[in-house]
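Here the structure comes first, spelled out in structure tokens, and everything after it is commentary.
Every number here is computed from the coordinates shown, using simple stated rules; none is lab data. Treat the numbers as computed from the prediction; the structure is a model and nothing was measured. In this analysis, Cβ positions are derived from the backbone assuming ideal geometry, glycine residues included, and neighbour counts consider all displayed protein chains.
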Amino acid sequence: MEVRWHIFLLIVGSAIVTLIPRVLPLMVLNRLRIPEALLRWLDHVPVAVMAALLAQELLLADGKVDPGRNLLEIAAAVPAFLTAFITKSLFATVIVGIITIVVLRLVI
């Protein structure tokens, strides 16, 4: 089998470009002492990102706010949100969300 060097270099370059934003911050931040206030603030970032992604998925349709178009998904999100709030378990949240959307699609 012939090795195509331009494909090989493309794969290696893609790996490096993917690795740099993941490893470089860890290497830099590992040597710094981060203030407690900043650490508390950073604890909220995953929740904020997830909320932004879910709000966009549930409330936007064709780039416009249209919650009426995704009523089934919004209805399924409510028990999933409650499960997430109560259990703090990603697994339980996903399972409840999937079961809820399946039941709603079968019923409606």
Counting only residues in the stretch 55-85 that are charged (D, E, K, R) and free of Cβ contacts under 8 Å to residues at least 12 places away in the same chain, the one surrounded by the most Cβ atoms within 10 Å (Cβ to Cβ) is identified as ARG69
Taking helices (runs of 4 or more DSSP H) that do not extend beyond the stretch 1-77, which have at least 3 residues that are over 19 Å from the mean Cα position of the chain (by Cα) and farther than 28 Å from LYS88 by Cβ?
5-31
